[in-house]
Every structure is written in structure tokens, then in C-alpha cells.
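The values are calculated or read from the model by the stated rules, or taken from the named source; none is laboratory data. Remember, it's a predicted structure, so these values are computed and weren't measured experimentally. Cβ placement follows ideal geometry from the backbone for every residue including glycine, while neighbour counts extend to all protein chains displayed.
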Amino acid sequence: MTAPGPTRFRTALRSLGPASAAGQPREVVRAGLGVMIGLGVTGLILLSPGVDLELGLYMIAPFAATAVLVFAAPSSPLAQPWSAVVGNTLSAVVGVAVTMLVSDVTLRVALAGGLAVAAMILARAVHPPAGAVAMTAALSPDAVDALGFRFALAPVAVGTVLIVICAALYGRATGRHYPFRQFDAAPPPSERLGLSEDELAGILQHYQQTLNLGVADLARLIGAAELQAATHLTGPLNAADIMSRDLVTVGPEATLDELAELYRLHGFTSLPVAAESGEFLGVVFQIHLIVRLQDPQARGGFGKATLSWADRRPPVVRASDIMAVKPAVASPATPVAALLPLLSQSGCHAVPVLDGDLIVGIVTQTDLIAALSRQALRLDPDLI
């Protein structure tokens, strides 16, 4: 049995190591270049007239820390625009007020930092560089004498807003979401996880993690954990293992009558639409057909009585008019666990499987249930 002393010692040593995962080279370059651009643009604007203690146009050291957060950790709650702008500005106000009231520099720095943190928490705007902003004010009595509370406006608020704008534009250009206030293109947590945003926020509050994670981050982590757990049931299965290969597809010119006949013959809930070359174009779900057939114009109803017989002839509705052109799709190598959330979405009864642009199969809810049932029987034959 391992001695408890050495075990605790090794655990303590591990706790002193890196807490974050290793960064990918592409992300290292993206973040470093972003900080350079953000500080460069901010410096060009604030330092264009030189250091100006009357207008407050100059750079302060905390801007670099703000840039690190918004460019290197853009999804962190501490890096969001509200936290950055309000946190820095509010801390500047606190730092200026303390500097005006307290003459001893040591006490001034301590009070400015502590009160700034308290104010940020109350305003839900915690931003670590803002503590340095309050300290900067406390250590700069000459600037505070010259600017007063205008110090909070310029350089602090102006500089922070410039960095945030640069981060938003840079994030859009490099494929990152900033500000990160949405759940990407995924369903909201109430639909995807069965948890409302208030419930997710309650979990963060219960475990005192509101300053470390946002609701969107927690939802993504729970979703990833669900997928990982699902692989324990599905094993190494992928879409190619369970997909239907004997496809019935229609061309984009197929009419509503032709679609309805195929649904009647085969009992499908979806029909892939493909070009003659096999290129996938979209999918017509049964609900699309039902909704369109309920349209009097699509069923051949007439318009106003004053129209001529030629004008009353309803337009021919084709598959290309009603198909979903951007449905959820998979590749043959997509794990079955990754198909679970796709097929659990409302209205998604099938996921086309594409090899490049060509459709090679389709996974329906029935295919998935059958695969999970077979896997469950392998794990526990007594279920038969």
C-alpha cells in the first residue's frame, strides 16, 4: 500500500504544474498576433499626439493584460466586453477617488485594489487587469491631479473600448466568437440538455464557479461529457457502420406528387435530393411535404376569380423549392455518439452521410435505435 505522505506530496507537486491544456500552434500564433494588433492599433490612436496628461491620451500597462484576456481567452467570462470596459472603468473611478482621499501610498494602493475588486463583483464585471488599473491610478497622483475622474474616461475607457473592438473584428476574421454570449449554432441548453440557462447559472453559483465559467461554457462541457459517455454504450461504431446504403434519392426537379408517392411506397420520413452525378443538394423531410400540400396553391387551388384560366394555373412546386439545403450532415467516420444529439433535435429524422460532396448513405432515427439495441444486447445478452 502506498504511504499517504508521499502520495500527498506528489499530489501537491502536481497541483503546482500547468492547469490549462497545451495550446495548439495555430492558436498560439492567432493569440500572439492578435495582442500585437490590438495594442498596436490602440497605441496608434492614444499616442498619436504623444503623452497628453490634459486629454488623457496615453497607454497604461493594464491594457496589455486586457489584451491577453480578450485575444487569448475570448470565451472567458472575465474577457467579455462588459467585464473589460465596465471593470476597467469602474476600477479607475475607485482608484482616482482613493488617491484623492488617501495620502499614504501603501494604504492607497491596498484600498484601491480591494475596493475595486468589491465594486467589480457587485457590478458583475470582474476583470483581473482592472485591479492593475486601480493600482495605476493610486501610483500616479500627478495624472490624477491633472485629469481627476476624467482618467476613467481617457485613457482607461477609451483604450479598453479600442482593444475590445479590435478583438471582436479579429475574432470574426480568424473564426473565433468574441463577444462570446451565444451558444454557437447549437440548440439552447433548455432544448439540448434539458436545462434552462437559469439552472445552469445556478450550478455555477452553487459550486462558486461564476468567475471561471460562463453558462455557454458549462453547456458545452456538459454536452461534450454526454457524447463521451455515449461512446461507452456505442463503442467504436461510426456512421458508416450503421447507415442505410441502398439509397432512394430524388432529383431537384421532382414534383410534390412524385415525392408523395415515394413516401407512400417506402414509408420514409425523409428523402435526400441529389444531382445526377450523386452530389448532395439537400433533403426533403416529410413535414416539408405535408406543409406544402396544405397550401391551396400547391394543391391546385385557384386565385382571384378575375384572373384568366392561364393565370389561375398554379405553379409547379419541385423538390428544390421545399428541401432543406443545409441540414445536419455527417461523414462515414463520424462516431455514432456524435449522431445522437443531431437525431434528437426536433424535426431531424435523418442525417445524410457525405463523402466529400457525394451522398453515400443516410442514418435515420430507426438506424440509430437498432444499432444501440444490438450494442446493448452484446453487452448484456440477458436482455433477450
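Need the failing condition index for Asn88 against (1) touching a Ser or Thr at 6+ places or on another chain (Cβ under 8 Å); (2) farther than 16 Å from Ala137 by Cα; (3) not β-branched (Val, Ile, Thr), just the number.
Exception for Asn88: condition (2).
Please state which of the following conditions Val317 fails to meet, knowing it meets all the rest: (1) of a type in the set (A, V, I, L, M); (2) at pLDDT 85 or above; (3) within 19 Å of Leu281 (Cβ to Cβ).
Exception for Val317: condition (2).
What residue, of Ala19, Ala61, is loosely packed, with under 11 Cβ neighbours inside 10 Å and either at pLDDT 95 or above or closer than 21 Å to Gly131 by Cβ (or both)?
Ala19
Examine region 273-295 for a residue that is at pLDDT below 75 and in a loop (DSSP other than H, G, I, E, B), and state whether such a residue exists.
Yes: one or more hits.
The conditions are (1) farther than 14 Å from Ala239 by Cα; (2) at pLDDT below 80, and Asp357 fails exactly one of them. Which is it?
(2)
Exactly one condition in (1) more than 23 Å from Val158 (Cα to Cα); (2) outside any helix (DSSP H, G or I); (3) of a type outside the set (Gly, Ala, Ser) is false for Leu55; which is it?
Result: Leu55 fails condition (1) only.
Kindly indicate whether any position in region 273-282 is of a type in the set (Asp, Glu) and in contact with a helix residue (DSSP H, G or I) (Cβ under 9 Å, 6 or more places away or on another chain).
The answer is no; no qualifying residue exists.
Got a sec? Which of Val70, Val98 is buried (at least 18 other Cβ atoms within 10 Å of the Cβ), closer than 28 Å to Ile165 by Cα and not small (Gly, Ala, Ser)?
Val70
Just name the residue that is farthest from the chain's Cα centre (by Cα) out of those in region 241-281 that are surrounded by 13 or more Cβ atoms within 10 Å (Cβ to Cβ) and either polar (S, T, N, Q) or at positive phi (or both).
Thr255
Residue-wise test of (1) outside any loop (DSSP other than H, G, I, E, B); (2) buried (at least 20 other Cβ atoms within 10 Å of the Cβ).
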| site | (1), (2) |
| --- | --- |
| Pro74 | no, yes |
| Val85 | yes, yes |
| Thr106 | yes, no |
| His127 | no, yes |
| Gly131 | yes, yes |
